[in-house]
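So the structure is just underneath, and the comments pick up after that.
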Amino acid sequence: MQSARELALQHSPQLTSQLARLEEGHEHSWHILQQAGARHEPLVLNWRTSPACCVIDLKRTLQQGLVHGGLGWGLSVSELVMKCGHLSRPGLIIGHAAQPLLGLSFPNLKRLELHGCHFTSPDLLRATGKSSVESLLQRLTHISLLHCSCSSEEVTEQLSQALGQLPGLCSVHVTSTGISSGVLQACGSRITTLTYQHTGPRHMSDDWDQLAAGISCTPNLLSLTLSTDKGAHAASSAQLQQLAQACPQLQTLSLPCSTINQAGLDVLLAMQQLQQVELGAIKPLQASRAHAPCRWQRLVVREPVYAPCITLLPLAAIPSISLPGLALADLHAIEADPSSWLFRLSSGGVGSLSSAEALREAVHCLLAHPGLRPTQPGQLHVHSAACSSQRASPFKLPLSGVGPLLAEMRPLMVRLGTQRLVLDGLVLAGDEVAALGCADARLSHLDVRECAILPDFWEKLLTAMPHVARVHVAKRARGDHMARLQHLCVTATRSVTLVFGPRALSAEEAAQLGAACGPSIHREQVVVMTEEPLVVPAGRQGLGAASHPGCTHAVAQVHTAIHVRPAAVA
């Protein structure tokens, strides 16, 4: 009778092999691969190492395969993913080999992803066997070299030449290491899809010249993705113009971490061959481009768009648009730039006719678009303009009096089927809760981030928003919030879960709440991944300790979850 593992290897389209201990080594790997090699259907093989096993002997494992299984023993493997070690220390050392083991073992390999590998020789990726006319890796079309390195410049050049000899290679994903430039130069005009991820302590703009030089070697690019681990990148019109000149055939441009301004938008609109565009954020526009020629088939924006910008974009000409939400006007930025659209929009005060009219026009424009989609299904973001993570504004005071503006957005929430509403940089009181109360029965999650919560927010929460089952609060409420929160827990007539970040509710307050409410609530600690500002330690890469605006990184935080379970409901 076949074991469960053997059945899985024969029928599952994907296999993950994890090395947990170094002593398992190639014997364990070969045992797994031997069973996978008997398949006839295509197989995606994920080969990983745990922190306890940071180095594996790939060469020895593949040699075992050739000895026991013969040439092409891994015939079924069409995609190979190898994630090894950590960013600071590569876990897979790829050295000299008498044979091009990868091509001999996996003749049908189409995609290869290497994470954290250190090359001391390019032998593994050679495209020829013992005879110079024996071609290998003929079907390989995509390669990813993420956080990989080479032992010397000579090895880097040899590796680039080896990749340049792969006839079908047309898609490349690289990080900003010494390997990336050589690979782009070697593969050149054959590359049609390029994903470039900028890493390291420097910003992408600081290394733009090197990046532009590499992209200039790929004139036949059809799809280009540029991202950075720094969180934000202000893409200048000059940089975008360089991309336009270097990639005259570009059809898909993805800049998920980049912010563009009016001049940048004009450059992108002039690239008439573009069909799909993804942007991080759009800065306030000064002139309308609503009727500008535009052949884009799809537009995706990652950050909430300033409401007045909606009517200035050529959305009517774009069949499909994806937006995460809207950013409302912020009076606190007027002092920085009295001539900006913020002054014209808010000159009568936040919540005035001008603000409401601008938002109403934006909502009406979006509702009339048949191809409108949320960037994240089921989510809608409503932010204050100054609290956008893409904007380095010194003003972080929350925006008040937004109840009428939130009421204007209810039709948009219904249209998008909003299940989770994210509020950031706003003052939330009873009026704001009431404005959102009749939005949609599908609204079940409320995510309150850098907002100022007034006491009557708690009073109206459960009655005005009867369908909300989970509320996540990141910042401490104003006033005597403990008394209001305790009253909510004791008098609640329905179940609700309240999740508080470490700045919103201390451990002592959580214990106090538990003692006061008794069996009406159940407390537990949950781990939540949050985005925190990136701080570079003093002395690293010659920099002093500093927090970079717009630069964030993921941090695991322990939050307190309060499950309100009234006796009548229980």
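Overview of values
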item: Residue count, the range 157-209 (criterion: open to solvent by 20 Å² or more (accessible area, probe 1.4 Å) and hydrophobic (A, V, I, L, M, F, W, C)); result: 2
item: Hits in the range 452-470 - residues which are closer than 13 Å to L428 by Cα and either in contact with a strand residue (DSSP E or B) (Cβ under 9 Å, 6 or more places away or on another chain) or open to solvent by less than 40 Å² (accessible area, probe 1.4 Å) (or both); result: A452, I453, L454, P455, F457, W458, L461
item: Members of the range 83-115 that are at pLDDT 80 or above and either surrounded by 19 or more Cβ atoms within 10 Å (Cβ to Cβ) or among the acidic types (D, E) (or both); result: L102, G103, L104, S105, F106, L109, L112, E113, L114, H115
item: Pairs where the first residue, in the range 269-297, is free of Cβ contacts under 8 Å to residues at least 40 places away in the same chain and part of a loop (DSSP other than H, G, I, E, B) and the second is open to solvent by 10 Å² or more (accessible area, probe 1.4 Å) and acidic (D, E), C-beta under 8 Å, 6+ apart; result: R289/D266
item: Extreme residue, most open to solvent (accessible area, probe 1.4 Å), among residues of the range 258-284 that are in contact with a helix residue (DSSP H, G or I) (Cβ under 9 Å, 6 or more places away or on another chain) and more than 17 Å from A238 (Cα to Cα); result: P284
item: Residue within the range 195-206 that is of a type in the set (G, A, S) and modelled with pLDDT of 90 or more present; result: no
item: Residue match in the range 214-235 (condition: over 14 Å from A270 (Cα atoms) and part of a helix (DSSP H, G or I)); result: yes
item: Count of the range 285-305 residues which are open to solvent by less than 20 Å² (accessible area, probe 1.4 Å) and either of a type outside the set (A, V, I, L, M, F, W, C) or closer than 26 Å to Q419 by Cβ (or both); result: 5
item: Enumeration of residues in the range 112-126 that are in a strand (DSSP E or B) and within 23 Å of the chain's Cα centre (by Cα); result: L112, E113, L114, H115
item: Tabulated pairs, the range 170-187, first within 18 Å of R111 (Cα to Cα), second acidic (D, E), C-beta under 8 angstrom, 6+ apart or interchain; result: H173/E113
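Per-residue answers, yes or no, for (1) at pLDDT 80 or above; (2) over 26 Å from the mean Cα position of the chain (by Cα):
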position: V468; (1), (2): yes, yes
position: D480; (1), (2): no, yes
position: G501; (1), (2): yes, no
position: C517; (1), (2): yes, yes
position: E531; (1), (2): no, no
position: G544; (1), (2): no, yes
position: Q557; (1), (2): no, no
position: A567; (1), (2): no, yes
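The values are calculated or read from the model by the stated rules, or taken from the named source; none is laboratory data. Bear in mind the structure is a predicted one, so any value in this text is a computation, not a measurement. We place every Cβ from the backbone using ideal geometry, glycine too, and count neighbours over all the protein chains shown. Keep in mind that these areas ignore ligands, DNA and RNA; they rest on the heavy atoms of the full protein, side chains included. Shrake-Rupley method; radii C 1.70, N 1.55, O 1.52, S 1.80 Å.
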